Every structure is written in structure tokens, then in C-alpha cells.
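The values are calculated or read from the model by the stated rules, or taken from the named source; none is laboratory data. What you see is a predicted model, and the numbers here were worked out from it, not measured in a lab. Cβ atoms come from the backbone with ideal geometry, glycine included; neighbour counts cover every protein chain shown. Side chains included, ligands, DNA and RNA excluded: accessible areas come from the protein's heavy atoms. Shrake-Rupley method; radii C 1.70, N 1.55, O 1.52, S 1.80 Å.
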Amino acid sequence: MSAVIEIEGLRKTFHSMRNGRRVAVDGFDLLVEEGQVHGFLGPNGSGKTTTLRALLGLVRADSGRMSVLGQPSPELLPRVAGQVGAIVESPQFFGNFTGYRTLRLLARAGGVPVSRVDEALDLVGLRDRGDERVKAYSLGMKQRLAVASALLKDPRLLILDEPANGLDPAGIREMRDLMRSLAATGVTVLVSSHILGEIQLICDHVTIISQGRRVASGRVDEVLAGYDRHEFLVRVADPQRAAELLDAAELTAVVDGEALVVSGASDPTVISRVLGEQGLWVGELTPLRPDLESVFLELTGAHPSVPRQVDDSALPYAAQGDAVIDLDRGVDA
Amino acid sequence: MNLVRAELERLAARRFVQLMVVLLAFAFAVTAATTLAGSHKPSASELNSARQQATEARQSMETAFQECVARRDGAQPTEDGGSFLPDDCSQIDPVLQDRLPIAADFLPGVFSFAQQARPLLFFLIAFLVLFGFLVGASYIGADLNSGGVVNLLLWRPRRLTVLATKLGTLLGTVLVLALLASVAYLATFWVIGQTAGLAGQLSGEFWRELGAVHGRGLVLVLLATAVGFAIATLGRHTSAALGALAAYVVVWELGARLVLEIVDAPQSDLFMLTSHVGAWLNGEARFYDEQICRGGDIGFNCQGFYTLSWLPSLLVLLGITGGLTAAAFAVFRRRDLI
Ligand SMILES: Nc1ncnc2c1ncn2[C@@H]1O[C@H](COP(=O)(O)OP(=O)(O)O)[C@@H](O)[C@H]1O
Ligand SMILES: [Mg+2]
């Protein structure tokens, strides 16, 4: 499999008079291979948009090496720009133009046949609204138009920055279906989001960023597996007694109201055997799989009960353990 | 080529550009209509009387000059004393005058194209210069702000090409508009002159001079357009260009001029862009500086004037425009586009 996007050690510092220096991206790495639907996950302000801007030559990186479709970026980006459809942070369009005219202008500027415009509008569900002015569009419709502009080129690589922004639930589902069907035709997709559910539903790979650094990356199921503590939720008639029995069997059991959370069991049959042998019949036995959300919250240091400030997220694993969990490559320092 | 077509379409769709074109057409229509309403074709008797008056005026100038010469040569003054006559007779020598009275001067309420074409053209050029500056600034300013440039760069990640195409399209469009507007404008007033005014003497010399002013005016319009574009690019905003213009006028043309006068700086007009604009448009400009006459034995004839000719002025204007444009491209090439 060939790399479609490679980023190594990307750094970008913004300087402003009022706020001084702000490190937006701090030695970030990203690898997206052909055919992936790659989720780019991170809380607000973690550097996703800045990374994509640097990759697409819109901001100038301080240091780092990047390439897109095998061409070093931004130097040789023009060579492959025709194959890369991208939206970066809800793009704005000229309000007086209709959706159709907006796309036609872009198509013309990029040397794409104008017949593509109708196809792209159709793909994003704007076919019947193409001749309305953009300023009369809703936020979601503008977002769809943006995606249509990225699809106009019939791209090999699609980069979407928070495409679900402003979409209603039905729109989010349509966007998801669209991405799936594009992926099925072999398009590589990089989609950034702060909404975990989205990524988990459509992506096969994920890279998690926090404070400008990569904190996890790999196949979605493997990233999750890395955080699986093999816990099970158990419901029995007498949780207290069950806990004692399980403790005696060298398993850790914590009573949680009516139920038990058991950890340390490699196999759930061990739990039902230990309890069953003592006449305690298991009413429910559910593996507690981590979802991306909990992994994400753990990695990015957010705690549900404390209002987290955009900048104060920590790098719990990377910073404390000084290691990045990368399931494709093992643990690197 | 495709990029140019796309830019043309964007430019034409800009509300501001449309507004300015409408304004131009409106100002044009009002000027033409009032001129038309205030002018009539002179009757044969009016014409005759005007010609007679002009002839008389020229004759009285000649007479005065002759008297002046005669007095200088020692002859007796005529009965009314000749007290109006200057010491230096060359001042009233008809041959040395810029222009002599002609019939058109004695035809009130009659539009004369030959006499009015130049000031009318200056007015149009002033409007077009402002038009070019504002359109140039707003075109790139709005595009930088609305993310249009970013969208375009995602399609064509060559910044210099994109910016140069924008500037080129802009200059081309402004030039064509200015040409069309000025030709239509002059043609309309010519027709008014022919049908409802004094046809006048339109010699080859007249057309050559008018053509020269026209050509220089168009160059000025293009320079103003490029300057507006460059400043708005540098400041990322349309208002940067407007602010720079206002600041320049207040701080430099008014403020610094005053200071330079107070400290008696020699030939201070040379530091003002308006002087160079005037010199370029008119072919030359004359300024007064009394210090020229202080240098001792220059003689009684020192009048304290110095001249600025068009070539150095053109170089100054080109240098400033070129410098600003080059700076805009250099900055745009490296800038973070958010
Ligand atoms: N133009 C800018 N000037 C200064 N700081 C910026 C600029 N753009 C982004 N930042 C800062 O960089 C960090 C990352 O921003 P961004 O990449 O937009 O995050 P994300 O897209 O992940 O929400 C934030 O702290 C943000 O405040
Ligand atoms: Mg963002």
C-alpha cells in the first residue's frame, strides 16, 4: 500500500501582536495510505485545521516534511492538485452567485469539464437548489456545497475538515453514506472531526491529535483494543456475595449498584463458571468495550465533570509516559 | 486562459463594480443632459456678432500693445494716459499670449466642443482614476476576506499565478472600460457640439493634443488601479487601500506640505504625488518657489517658477506603483492564508 499523505515532524507557530507566540502544531506525524477512510480526531484547537492548511500550502510550516500523493508539499503540490479535493474549515463562497455558478467558476479555473458540476451537486443532494443564491443557503447547504466543490475534481484523495458542521442528523447520515460510497470506489478519504461517533462509524483508521501532537494512531479497532481492559458488566441476584467469590478466584470485582464490574478475566466463561458453581446464576454478562469516545477523552485529558478549556488538555500518555501508542508500529519513544 | 475567464466572471459579478459602472453612466448622463439643455445652436446673427466682438477684442489688444511699445520708445501717451499699460510690453504682446479671444468666447449659452473637451476629459479621467483605485482595492480585498482566494488556491496552488491573473484581468478590464467610457463620452459631447452648439475649429493639432491627454489619462487610471490592488493585498483588506489613501492625503499632501512650507524647504512641490500626477497629465507643471530668486544676481526677470516635466513624473509614478506591486507579490507569496 502506498502512502497518500505523509507528514513528519510538522511544526507551526503563529505569531501575533496581541497573543504572542502560539504553537498550533508541535511535531505532528500523520500517515494515510491508499484506500483508507482515515479519521483525524482531536478536540477544538488541537491543530487539525492548521495541519490541513499546512499540508495544502495555505500556511507555511516552520519545519517538517509533508507529501501528498507522492509529491512533496507544498513545493510540488500543483502537480497533484487536480486529484485532491479538499475543504478546509467551512469554506466561504461569494453570496451573490448561485451554487451552480460557484462550482462552474471553480471547475473552469481548475480545468474540469463543466458537466461535472451537475454530478457534484447531485452527489451532495443540492441538485434542485443549484440555481439559488449561496447567501440564501442554510449552513448545512453551504457545507454541502463545499463538499460538492471538493468532489468536482473527481478526486483520488478527499480531504474534509469537519464536514458534519452545521448538518442536521439526516445530513450527517447522508454525508456518511456519501463517504462510504466514495471509499468503495477507491477514493482515499481523510476526514477531521471532533465528533467521535462519526469517526467510529465511517473510518477504518484514525489518528488522534491533542495539543498539536499525535497521541494515537492506527486501525480503529486496534486503537480501541489497546484500551480494552477486559472488563465485564455482570448482573446477579446477590452482587456482594458474587464479589467475594470472584475475589477468591483472583478476579477483581467492584460492586456498582445492582451490578458488578469485573476485570482481569481473559474469558467471560470463567466468570459464569465461578459464579454458577456456587449457585449464583448470571443474569447478564456484557463485555465493557471501550468506545472511541472514552479513549479519546482519556488521551486528550478531558474529564467530563470539569469544564475543560480549549488549551488545557494534557497529553496524558504521550507526555507522562513519553510514548506514543502507534498500533501500526508498536510503541515508539 | 480558463483562470482569466473565471476571474472576468467574478469581476463582472461584483456588486461594487456594477455600482461604480452605474455611477459612471449616471454622472455621464447628467453632464450630457445639462450641457444639452444649456446649449443651443447659435444663429447666424449671434455668430456674426460674436465674431465681430472677437475681432474687436483682438484689435484692442493689438492697439494696447502698440501704445505700450510707442510709450517705451518715447512717444507721448494718448489722451487717456495709458496708465493701464505695463512696463514690460511683452506681457501684453498678442503674439506671445497663450490664446487669443475667439468667437466662442462671446457666445454665452453655446457649448463649444473645441473649448470644453479638455476639461471634460480631465473630469472623466479623475472619475476613472478613483474608479480604478476603488475597484482594484475592493476586488482583491473582498476576495481575500471572503475566502475566495483560498478556494481558488485549493484548485490552483500557485500563488503568484493566481495573483498575477487577478491583477492582469483587473487591469485589462479597467482599461477596456475606461476606453469605452471615454470614447463614448467624447463622442457624445462632440455630437452635442455639432448639433446643439458651436462646431468650432477641430484641427489635427487639437485632436493630437486631446489624444495625448487621453492616453496619459488612461496610463494614470491603470497606475491607480494597480496601486489600489497592491495596497489592499498588502493590508489584506479593501479598507487598507482607502485608509492609506486618506492617510496619505491628510498626512502628506496637507500636513507635510504645510511643514515644508514653514521650514522653507526648497521646491517642496516636488515631494507631492499630486504634482507628479499633474505634470504627467499636462505634459508639465509649473510651481512657484520664491527662493529661486534669492540666489543673488539672477536678475530682475526672475519670476520664481520652476518646471516639472512629464518624464521624471512618470518615472516617479511608475516607481511607486512598481514598488508597491512588487511588495504585494512578495508578501503574498509567503503569507499564511487563513
Ligand atoms: N491564524 C491564527 N493565528 C493565531 N493562532 C491560531 C491561528 N489559527 C489557529 N491558531 C491557533 O492554533 C491552534 C490550533 O487551531 P486549529 O488548527 O484551528 O484547531 P482545530 O482545527 O483542531 O480546532 C489553536 O490554539 C488556535 O487558537
Ligand atoms: Mg478546525
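Other residues with beta-carbon under 12 Å from the beta-carbon of B:Leu260 carry, at +1 per Lys or Arg and -1 per Asp or Glu, a net charge of -4.
Taking every alpha-carbon pair under 8 Å whose residues sit at least 6 apart, segment A:50-166 reaches a relative contact order of 32 percent.
Over the Cα atoms of segment A:163-283, each weighted equally, I'd like the Debye log10 I(q)/I(0) at q = 0.18 Å⁻¹, rounded to two decimals. For segment A:163-283, the Cα-only Debye profile gives -0.87. For n ≥ 4 DSSP H runs only, could you compute -39500 (n - 2.57) per run for chain A, divide by its residues and tell me the 222 nm figure to the nearest 500? That calculation yields -9000 deg cm²/dmol at 222 nm. Helix B:238-247 and the longest principal axis of the C-alpha atoms of chain B enclose an angle of approximately 40°. Computed on chain A, with alpha-carbon pairs under 8 angstrom and 6+ residues apart, the relative contact order is 18 percent. Geometric descriptor of chain B, per residue, is 180 Å³ (volume of the convex hull of the Cα atoms).
Mind listing which trypsin sites (Lys or Arg not before Pro) in segment A:1-71 are in a DSSP loop and have 15 or fewer other Cβ atoms within 10 Å? Hits after loop and neighbour filter: A:Arg18, A:Arg60. Take each residue of peptide A:108-116, count the partner chain Cβ atoms within 10 Å of its Cβ, and average: the result is 4. Above 45 Å, the calculated P(r) of the protein assembly as shown contains 47 percent of its Cα-Cα pairs. Give me log10 I(q)/I(0) at q = 0.13, 0.23 Å⁻¹ for segment B:220-298, Debye formula, one equal scatterer per alpha-carbon, no solvent. With no solvent term, the Cα-only Debye profile gives -0.55, -1.11.
Counting only GluC sites (Glu not before Pro) that DSSP places in a loop and that have at most 15 other Cβ atoms within 10 Å, the longest clean stretch of chain A runs over A:133-249. Based on the reciprocal of the average 1/r between different C-alpha atoms, the Kirkwood radius for segment A:52-117 equals 13.6 Å.
Gain on full extension, evaluated as 0.36 nm per residue between A:Thr13 and A:Thr185 minus their Cα-Cα distance, stands at 58.2 nm.
Listed cross-link partners A:Lys48/B:Lys166; A:Lys153/B:Lys166; A:Lys12/A:Lys142; A:Lys48/A:Lys153 are compared with a 27 Å cut-off, the Cα-Cα value being larger for A:Lys48/B:Lys166; A:Lys12/A:Lys142. Accessible surface calculations at 1.4 Å, restricted to protein heavy atoms, place chain A at 46 Å² per residue. Normalised by residue count, segment A:229-288 yields a Cα convex hull volume of 65 Å³ per residue. Counting charges near A:Gly39 (Lys, Arg +1; Asp, Glu -1) among other residues having Cβ under 9 Å from its Cβ returns a value of -2.
Accessible surface computed residue by residue for chain B, with neighbouring protein chains in place and a 1.4 Å probe, gives 52 Å² per residue. Taken residue by residue and averaged, Cβ atoms of other chains lying within 10 Å of the Cβ of B:144-153 number 5.
Taken across both chains, chains B and A shield about 2700 Å² of accessible surface from a 1.4 Å probe.
Tally up the carbon and sulfur contribution to the accessible surface of segment A:3-224 as a whole percent, 1.4 Å probe, everything protein left in place. Roughly 47 percent of what the probe reaches on segment A:3-224 is carbon or sulfur.
Between A:Asp204 and A:Ser90, the contour length at 0.36 nm per residue exceeds the Cα-Cα span by 38.6 nm. Taking all Cα-Cα distances within chain A, those exceeding 39 Å account for 26%. For peptide A:55-67, the mean count of partner chain Cβ atoms within 10 Å of a residue's Cβ comes to 2. The Cβ shell under 11 Å around B:Leu281 holds other residues with a net charge of +1, Lys and Arg each +1, Asp and Glu each -1.
Overall shape of segment A:114-193 was characterised from the C-alpha gyration tensor. The equivalent ellipsoid obtained from it has semi-axes of 19, 16, 10 Å, in decreasing order. Available extension along the chain between B:Val4 and B:Leu202 is 67.2 nm, counting 0.36 nm per residue and deducting the alpha carbon span. Percent antiparallel among DSSP beta bridges with both residues in the protein assembly as shown, to the nearest 5? Of those bridges, close to 70 percent are antiparallel.
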